Amino acid sequence: MTDRNGNNHLPGGRPDGGRYAPKNGANADDDLTAWPVSRGRTRTHADDIRSADFLAALEHMPTDRAKEWARKAGVIMDGRDLPYREGRYAVWTGRGVAFVDVEGGRAVEAPFDPSAIDPPTDWRDA
């Protein structure tokens, strides 16, 4: 049934009767974009060493510069931007980078994982 405001209601006589009926696409994930997993190549041990060196260098940079380089490395700058997909992600904490596992809609603290970031190739020049 449609009311005078154009809202659809479920028919009466049902346990959920009288409530608003869901609109088309209300529960669809069409507007969500997938978070990029990698940049199209296989990681090597040298990549992991570079990631560890990059994180160590961030600790000694001024906060503004560290934040800029972390963003370029794929670090999630705001916890509210965590993707819905399960996996391990790097998140900016305000003072540095922390790692979290997204599991079943929850974010759980995780150990260092160099594969969660991809430092820019020119970070050493900064």
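Only the coordinates and a few stated rules stand behind these numbers; no lab work does. The shown structure was predicted, so the numbers you read here are calculated from the model rather than taken from an experiment. Cβ placement follows ideal geometry from the backbone for every residue including glycine, while neighbour counts extend to all protein chains displayed.
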### Query
By the scheme Lys and Arg +1, Asp and Glu -1, what is the net charge of all other residues having a beta-carbon under 12 Å from that of Glu109?
-1
### Query
How much net charge surrounds Asp78 when only the other residues with a Cβ under 13 Å from the Cβ of Asp78 are counted, with Lys and Arg +1 and Asp and Glu -1?
+2
